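Peer 1: Input: one structure, supplied below.
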Amino acid sequence: MNSFAGGVHPSQSKSTSQIETEEIPLPKKAVVPLSQHTGSPSKPIVKIGDLVKTGQLIAEATGFISANLHSPVSGKVSAIESRLHPCGYNFDSIIIDSDDKDETVEFKKNDPEKLFSDEIVEIIKNAGIVGLGGAAFPTHVKLSPPKEKKIDSVILNGCECEPYLTCDHRVAIEETEKVVVGLKLIMKILNVEKGYIAIEDNKEDAIEKFNNVIASEMKQSQANKIKIVKLKTKYPQGAEKQLIKAVIKKEVPSGKLPMDVGCVVQNIQTAKAIYEAVYEGKPLYERVITVAGSVKRPGNLKVRIGTSLSEIIDYCGGFAGDVKKVVAGGPMMGITQFTLDVPVVKGFSGLVILTEKESEFYEPSNCIRCGKCVDVCPMGLVPTMISRLIEKEKYEELKNYNPLDCMECGCCAYECPAKIHLVQNIKLAKFLIQNKKI
Ligand code: SF4
Ligand code: SF4
């Protein structure tokens, strides 16, 4: 079965995959950070005291790599001030007190058959769509490659390889048609004939649904060729470079992007959001997240952007057991939170609640030179060497080991028997190089 070199097999812990998505009540107060995407922050176009409707544009993109923001509730703008973001930093945010009526602006439906590709991209841009797999890169930018980069393949990333997370899996099962039509729109925009839905072999039910929907789509339109590619369940199968290698057998060189090998990768929920923006005229102001681990009622929840983590935990019945750690995202790459007073943002895939035992801290011991970290690194790096150079402050040699290629997947640290803080050390190496400190 298709896969990539390296990687690890952490326990799946995906018991929420069989729980249907529930829509949670509206937040009382929505906190919408102006920075919730890659690129420059959005600029507010509302002021304190303004009344807004759900789906109304409240902040505009500033520059090409940026994104629009829309109100997730109807109500009143009560503040525009600095608030804590789940990434751990403070950002200016628009705060809206919900009137609990959820009055929406009028959504303008479109017929993509009557639209040129650049008009569809404009709709996607106006809807504020960003990659919903975590990186939150503005989607209109990915769909506007420079002319010299010829794109021939689109891969829909349905791997969701992080333990615990199942929200993309649920969207794949519950909204299959929207996801497939979203993929067809992406293929139309990029004028490509090869579309792939890449999905790990632990999601047989989703694979079956995709097969059924694609079979019926094919009858209507022979032009678009979509293939389901079943991949081995392995972490980090969903990382872009590993996915491309597994699906189309192309290697994205160091420092290059998927478009350099003629490929664009999009996430399952992003494809659904594209469908909704184009066909229904609905901007991006909600998404599906997973809440898993030690909560009384784990599950998959459709939540408005700006909902606080404390409201989500309350909806799930509160914590269960001796909770030690709350992680935004999966346990391998997620960010531990120190308060629940932070909002869901567009790239927020889930909350994992871990107990004391599950979040044990290990003191590192000496490297035993077993080479396991090298064997599992999907980027072909030598984590032990980078880490050693950092510890010994031999900075001048670091660049020879390409730490900037590290995607911080955590495989090396997961496998290291000496529990050395490899990722922290490699992050420090990246920081020093990126900020020209060495
Ligand atoms: S060095 Fe980076 S890319 Fe390689 S396994 Fe460690 S965290 Fe992942
Ligand atoms: S896995 Fe840990 S102990 Fe083994 S070589 Fe790498 S850093 Fe050293």
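The values are calculated or read from the model by the stated rules, or taken from the named source; none is laboratory data. Being a predicted model, the structure only gives us computed values, none of them experimental. For neighbour counting, all protein chains shown are included, and Cβ atoms are generated from backbone atoms with ideal geometry for every residue, glycine included.
Peer 1: Which of the residues that make up the range 262-302 are of a type in the set (Asp, Glu) and more than 22 Å from Lys109 (Cβ to Cβ)?
Peer 2: Within the range 262-302, no residue meets the criteria.
Peer 1: Another question, if that's okay. Of the residues Leu381, Leu398, Leu432, Leu422, only one is at pLDDT 95 or above and either among the polar types (S, T, N, Q) or more than 8 Å from ligand 2 (Cβ to nearest atom) (or both); which?
Peer 2: Leu381 is the lone residue from the list that is at pLDDT 95 or above and either among the polar types (S, T, N, Q) or more than 8 Å from ligand 2 (Cβ to nearest atom) (or both).
Peer 1: Further question: Is it the case that the range 116-128 has a residue that's closer than 23 Å to Ala246 by Cα and either modelled with pLDDT of 95 or more or charged (D, E, K, R) (or both)?
Peer 2: No, because not a single residue in the range 116-128 is closer than 23 Å to Ala246 by Cα and either modelled with pLDDT of 95 or more or charged (D, E, K, R) (or both).
Peer 1: In the set Tyr362, Tyr414, which member is touching a residue at least 12 places away in the same chain (Cβ under 8 Å), touching a strand residue (DSSP E or B) at 6+ places or on another chain (Cβ under 9 Å) and within 16 Å of ligand 2 (Cβ to nearest atom)? Even if it seems obvious, please write down each step before you answer.
Peer 2: Values: Tyr362 fails: touching a strand residue (DSSP E or B) at 6+ places or on another chain (Cβ under 9 Å).
Of Tyr362, Tyr414, the one residue that is touching a residue at least 12 places away in the same chain (Cβ under 8 Å), touching a strand residue (DSSP E or B) at 6+ places or on another chain (Cβ under 9 Å) and within 16 Å of ligand 2 (Cβ to nearest atom) is Tyr414.
Peer 1: Which of the following residues is assigned by TED's automatic domain parsing to the domain that holds Leu185, out of contact with any Cys (no Cβ under 9 Å at 6 or more places or on another chain), among the acidic types (Asp, Glu) and crowded, with 18+ Cβ neighbours inside 10 Å: Glu311, Glu276, Glu251?
Peer 2: Only one candidate qualifies: Glu276.
Peer 1: Kindly indicate whether any position in the range 54-65 is within 20 Å of the chain's Cα centre (by Cα), not aromatic (Phe, Trp, Tyr) and not assigned by TED's automatic domain parsing to the domain that holds Pro236.
Peer 2: The answer is yes, given that some residue of the range 54-65 is within 20 Å of the chain's Cα centre (by Cα), not aromatic (Phe, Trp, Tyr) and not assigned by TED's automatic domain parsing to the domain that holds Pro236.
Peer 1: Since Lys437 meets every condition but one in (1) more than 10 Å from ligand 2 (Cβ to nearest atom); (2) in a helix (DSSP H, G or I), which condition does it not meet?
Peer 2: (2)
Quick grid of which residues meet (1) closer than 19 Å to Glu103 by Cβ; (2) touching a Phe, Trp or Tyr at 6+ places or on another chain (Cβ under 7 Å):
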| residue | (1), (2) |
| --- | --- |
| Lys28 | yes, no |
| Val32 | yes, no |
| Ser35 | no, yes |
| Lys43 | no, no |
| Gly55 | yes, yes |
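Peer 1: Looking at the range 74-184, what helices (runs of 4 or more DSSP H) fall wholly within it and have at least 2 residues that are within 27 Å of Tyr235 (Cβ to Cβ)? Steps first, answer last, please.
Peer 2: Numbers: elements: 117-126, 139-142, 167-174.
Hits in the range 74-184: 139-142, 167-174.
Peer 1: Filter the range 116-141 for residues that are hydrophobic (A, V, I, L, M, F, W, C), farther than 18 Å from Glu60 by Cα and in contact (Cβ under 8 Å) with a residue 40 or more places away in the chain and give the result.
Peer 2: Ile120, Leu132, Ala135
Peer 1: What pairs come out if I take residues in the range 323-345 that are at positive phi and pair them with residues that are outside any loop (DSSP other than H, G, I, E, B) whose C-beta lies under 7 Å away, six or more apart or interchain?
Peer 2: Every condition considered, the pairs that remain are Gly329/Ile335; Gly329/Gly350.
Peer 1: Take the residues of the range 69-119 that are at positive phi and acidic (Asp, Glu): which is surrounded by the most Cβ atoms within 10 Å (Cβ to Cβ)?
Peer 2: Asp102
Peer 1: Still on this model: If you go through the range 336-356 one residue at a time, do you hit one that is at pLDDT below 95 and assigned to a loop (DSSP other than H, G, I, E, B)?
Peer 2: Among the residues of the range 336-356, at least one is at pLDDT below 95 and assigned to a loop (DSSP other than H, G, I, E, B), which makes the answer yes.
Peer 1: Something else now. Residue check, Ser153 against (1) out of contact with any Lys or Arg (no Cβ under 7 Å at 6 or more places or on another chain); (2) surrounded by fewer than 24 Cβ atoms within 10 Å (Cβ to Cβ); (3) hydroxyl-bearing (Ser, Thr, Tyr), all met but one. Which one?
Peer 2: Going through (1) out of contact with any Lys or Arg (no Cβ under 7 Å at 6 or more places or on another chain); (2) surrounded by fewer than 24 Cβ atoms within 10 Å (Cβ to Cβ); (3) hydroxyl-bearing (Ser, Thr, Tyr) one by one, Ser153 breaks only (1).
Peer 1: Could you list, in sequence order, the residues of the range 9-40 that are surrounded by 19 or more Cβ atoms within 10 Å (Cβ to Cβ) and more than 30 Å from Lys296 (Cβ to Cβ)?
Peer 2: Leu34, Ser35, His37
Peer 1: Restricting to the range 352-411, and then to whatever is within 16 Å of ligand 1 (Cβ to nearest atom) and of a type in the set (S, T, N, Q), can you tell me which residue is surrounded by the fewest Cβ atoms within 10 Å (Cβ to Cβ)?
Peer 2: The selected residue is Asn400.
Peer 1: Can you tell me which residues in the range 26-73 are in a loop (DSSP other than H, G, I, E, B) and without any contact (Cβ under 8 Å) to a residue 24 or more places away in the chain?
Peer 2: Matches in the range 26-73: Ile45, Thr62.
Peer 1: Let me ask something additional. Tell me, please, whether a residue that is closer than 19 Å to Lys28 by Cα and either crowded, with 22+ Cβ neighbours inside 10 Å or not small (Gly, Ala, Ser) (or both) can be found in the range 292-301.
Peer 2: yes
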